[in-house]
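J.: Dropping the structure in here first, questions after.
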Amino acid sequence: MGSRLRNIETFAIAVRTGEIFIYRYHGNSIEKVMEAEPVPGLLYDVSWSLDGKCLALATGYGLDVFDRGKRKVIESNIGASYLESAVVDWCSDGVRIAIGGKNFLILAEFRNGELREVWAMNKSDFERALGIEIAFWYTLSIVCTNGKLYAAGAFGRTQYGPRPMLIVAEVSKEKKFRIYTYREI
């Protein structure tokens, strides 16, 4: 697993055992810059802050942030009760972080070295946003840019048949969806 590249010269390689390795690419060579302390639990996804100073971590224990300068992991329990696997994206404002997985989507803020949950959606919130009863929601991808949060997810329906549906939507702070794509998969 690797992070989405915010800066082509520096990138992270993370493995599911919680180890974090940071590498720099120079022309035709790759140089190991640092190895971070392992995070507790599994590491599902990572995303760089725009300034390249911090790395958001979706771990088996919730959302954490690795501060590259301090070589320190700031741990939180944000999302801990939901995590089986997760995706994470650092928003373009440099402060907000979105994390999502099975039956959850959370928006958090990272300010002054502290993580704080802004809002969270669970299965019943997804049902209200979609207007139907569902068996599950699974966040497949999230992008947080220009002050807006977009989520691509799949959900299993209970009252409309057994086939799962794919959805791409903008998610508002009121936990409502502006749906762009909605189709059976």
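FYI, it's all coordinate maths here, none of it is from the lab. Owing to the predicted nature of the structure, the values given are computational and were not obtained by experimental measurement. Don't worry about glycine lacking a Cβ; one is built from the backbone with ideal geometry, like all the others, and counts go over all protein chains shown.
J.: Only counting other Cβ atoms within 10 Å, I'd like Asp93, Asp125, Asp45 sorted with the fewest neighbours first.
T.: Fewest-to-most ranking of Asp93, Asp125, Asp45: Asp93, Asp125, Asp45.
J.: If Lys and Arg each add +1 and Asp and Glu each add -1, what is the summed charge of the other residues whose beta carbon sits under 14 Å from the beta carbon of Glu174?
T.: Every neighbour counted, the sum reads +4.
J.: Same structure, new question: So if each residue of separation counts as 0.36 nm, and I subtract the Cα-Cα distance between Met34 and Glu127, what length gain in nm does that give?
T.: Contour length minus the Cα-Cα distance gives 29.1 nm.
J.: Find out how many positive minus negative residues lie around Trp137, taking Lys and Arg as positive, Asp and Glu as negative, among other residues whose Cβ is under 14 Å from that of Trp137.
T.: +1
J.: If you take every residue apart from Glu127 with its C-beta less than 13 Å away from the C-beta of Glu127, what net charge results, scoring Lys and Arg +1 and Asp and Glu -1?
T.: My count for the surroundings of Glu127 gives +3.
J.: Additional query: Of Lys32/Lys148; Lys53/Lys173; Lys70/Lys148; Lys32/Lys102, which pairs sit farther than 32 Å apart, going by alpha carbon to alpha carbon?
T.: Table pairs above 32 Å Cα-Cα are Lys32/Lys148; Lys32/Lys102.
J.: In a solvent-free Debye calculation with one equal scatterer on each Cα, what is log10 I(q)/I(0) for segment 10-184 at q = 0.09, 0.15, 0.17, 0.19 Å⁻¹, listed in the order of the q values?
T.: Values returned for q = 0.09, 0.15, 0.17, 0.19 Å⁻¹ are -0.33, -0.82, -1.00, -1.18.
J.: Which value, in debye to the nearest 20, gives the size of the charge dipole of segment 10-184 about its Cα centre, when Lys and Arg are +1 and Asp and Glu are -1 at the Cβ?
T.: 300
J.: What order do you get for 65-71, 130-136 when each peptide is scored by the mean count of other beta carbon atoms within 10 Å, highest first?
T.: Per-residue Cβ counts within 10 Å, averaged per peptide and sorted highest first, yield 65-71, 130-136.
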